Amino acid sequence: MHFEELQPSPSSLLESLRDIGYSIDTAMADVIDNSITAGAKTITIRFDWNDSEPWLSITDDGIGMSYLEVLHAMKLGSNSPLEERQENDLGRFGLGLKTASFSQCRQLTVISKKDDAITAMEWDLDLVLDSASDGWRIKVLNDEDVSKIKVLSSLYPSFSSQEHGTIILWRKLDRLDNFDSSVIREKKLNQLLGIARNHIEVTFHRFLNKSKGKKALQILFNGDQLVANDPFNQSSNATIELPEQSIYVDGKKMIVQPYVLPHYSKVSKEEYQKYAGGSGYLHNQGFYVYRNQRLIIKNTWFRLLAKDELTKLIRVRIDIPNTLDHVWKIDVKKSHASPPESVKNQLRQIISEVEYSGKRVFKQKGHRLEARVKEPLWIRTIASGKIIYSINKHHPLIELFNQKLGDSEQFELGNVLKSIEASFPSDLYFNDFANSPDRMEKPEIPEDEFESMLLTVAHILIEDATQKDTLKQQLLSIEPFASSPNRTINIIDKMEI
Ligand SMILES: Nc1ncnc2c1ncn2[C@@H]1O[C@H](COP(=O)(O)OP(=O)(O)O)[C@@H](O)[C@H]1O
Ligand SMILES: [Mg+2]
């Protein structure tokens, strides 16, 4: 046996890495991740069409890099995904800076300042050679080289007076379809950057917003200050915040926070439009997954639920720590991930509850009917955060029966009812409901039994209800008659009073 040296060819490897599916918005977000991890407080994005030679720069005031650190940062696969990362690290594969940049441009320049020293290095795909020995060599720029980069002339003076920080500069942006005319390409660039701006405002909304004890991150977009775009409209009173729940995987916690956004009748037209988020509520419903506060996946139900008109106001936030990256299979672009089966099962349970709350906002009619039921058989009580279902001991059918019983029998009936309450098969019921809500049925009360039940109750009511309409109204507010309004009305219509 012997070994052969098999070095990848730099130029073909780099060229193929360009097409792993970044778009300009996801690519910019990946570069911004590095700035945030480096502790930046202000990130300045600049771009210019520059007479058909467009460029884009992302400058931060983070900790910056030394000569060796820039060298390391420019290397493909600088950090292994198997390495344990700092808790607030937004990085993953040690590829982001390179793959994101090359997906958009052929020339990547990194200029960084740390400990009073400025280091500048550059990858230019047009200069990368085929052989591994020459191809992986990187260009190191000196002060003079940097001063000759014309597009930096307005940016560099203020950068060099910063204590520390980094400039990422993209030139040779060749992805704007070369066959189009220059005018169309310029328009296209502006359009794409408009999309990128929205993407950044939503992806980093939790950084752009001030949070407890932390100053908000500032991102400037060609001079404009970006504003947090919170997909849950948390500042509105009309947003329903459902109870937070936790899911555990490998002993690590994920937090699930469901929201139902305000129904259009509850907010101004402008506000309703704003949170529709471009492609609309129907499209934007679903899970929103955050890794270390940064949005990675939005508006998907992971095939656990169909995007229905009735659930369109539901958005569920999931927070995952970066220690669960491998479980969620986060991809290089940080724009795709898929939950493992165990997580899906837990999410399935959560959404069936959430689905109900979301639909209720629309089913105004059903909602009102429910509110009109004055004598339900089951009572739902919420006390100190706990939800309890119990039997309504004052329900007419129960009271009527009770009156016929002696003391010891009343006591026994009390015991029977308590045992029924205490053994309500909630786990089984919930599981069934979560898996196949459409197959769930209540036991049917046979026609004759229903009628005799109704007549029993009607007879006690008849004393003060001389009119059929009043009787109907009263019976329709009592269960089980309220759930079968047609049957109830038919029987009363046949009655002779
Ligand atoms: N703006 C920046 N400020 C400081 N360090 C940076 C910056 N950008 C990149 N780096 C360094 O370069 C490394 C490689 O970055 P990247 O290719 O995006 O991979 P990853 O983020 O997965 O580590 C980072 O881990 C970080 O140490
Ligand atoms: Mg990174």
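The values are calculated or read from the model by the stated rules, or taken from the named source; none is laboratory data. Note that this is a predicted model, so its numbers are computed, not measured. Positions of Cβ are generated from backbone atoms using ideal geometry, with glycine treated the same way; all protein chains shown enter the neighbour counts. Quick note on the areas: whole protein, heavy atoms, side chains included, nothing else; ligands and nucleic acids left out. Shrake-Rupley method; radii C 1.70, N 1.55, O 1.52, S 1.80 Å.
Some notes on this structure:
- Enumeration of residues in region 77-94 that are near ligand 1 (Cβ under 8 Å from one of its atoms) and either free of Cβ contacts under 8 Å to residues at least 60 places away in the same chain or of a type in the set (S, T, N, Q) (or both): 78, 79, 91, 94
- Wholly within region 414-497, helices (runs of 4 or more DSSP H) carrying at least 3 residues that are more than 30 Å from residue 353 (Cα to Cα): 447-462, 468-475, 485-494
- Residue match in region 121-135 (condition: out of contact with any Lys or Arg (no Cβ under 6 Å at 6 or more places or on another chain) and within 16 Å of ligand 2 (Cβ to nearest atom)): yes
- Tallying residues that are over 20 Å from residue 296 (Cβ atoms), touching a Lys or Arg at 6+ places or on another chain (Cβ under 8 Å) and at pLDDT below 95 within region 76-105 yields 1.
- Odd one out for residue 83 among (1) within 16 Å of ligand 2 (Cβ to nearest atom); (2) open to solvent by 30 Å² or more (accessible area, probe 1.4 Å); (3) touching an Asp or Glu at 6+ places or on another chain (Cβ under 9 Å): (3)
- Residue pairs whose Cβ atoms lie under 6 Å apart, separated by 6 or more positions or on different chains, with the first residue in region 43-57 and over 15 Å from residue 28 (Cβ atoms) and the second surrounded by fewer than 21 Cβ atoms within 10 Å (Cβ to Cβ), are 49/186; 52/182.
- Of all residues in region 121-172, those satisfying the criterion of being charged (D, E, K, R) and surrounded by 19 or more Cβ atoms within 10 Å (Cβ to Cβ) are 122, 171.
- Whichever residue in region 220-242 is over 30 Å from residue 46 (Cα atoms) and in contact (Cβ under 8 Å) with a residue 60 or more places away in the chain and, among such residues, is surrounded by the most Cβ atoms within 10 Å (Cβ to Cβ): 240
- Cross-chain or 6+ apart pairs with Cβ under 7 Å, region 393-415 first and closer than 22 Å to residue 376 by Cβ, then modelled with pLDDT under 90 and β-branched (Val, Ile, Thr): 396/457; 396/460; 396/478; 397/457; 400/456; 400/460
- For region 1-20, the criterion of being open to solvent by 30 Å² or more (accessible area, probe 1.4 Å), charged (D, E, K, R) and closer than 29 Å to residue 187 by Cβ is satisfied by at least one residue.
- Selection of region 33-72 for residues being within 12 Å of ligand 2 (Cβ to nearest atom) and open to solvent by 20 Å² or more (accessible area, probe 1.4 Å) yields 34, 36, 37, 38.
- Here residue 4 passes the criteria (1) touching a Ser or Thr at 6+ places or on another chain (Cβ under 6 Å); (2) away from ligand 1 (no atom under 12 Å from the Cβ); (3) charged (D, E, K, R) except the one numbered (1).
- Filter result for residue 113 (within 12 Å of ligand 1 (Cβ to nearest atom), closer than 25 Å to residue 217 by Cβ, modelled with pLDDT of 95 or more and not hydroxyl-bearing (Ser, Thr, Tyr)): yes
- Any hit, region 185-193, residues being open to solvent by 30 Å² or more (accessible area, probe 1.4 Å), in a helix (DSSP H, G or I) and among the acidic types (Asp, Glu): yes
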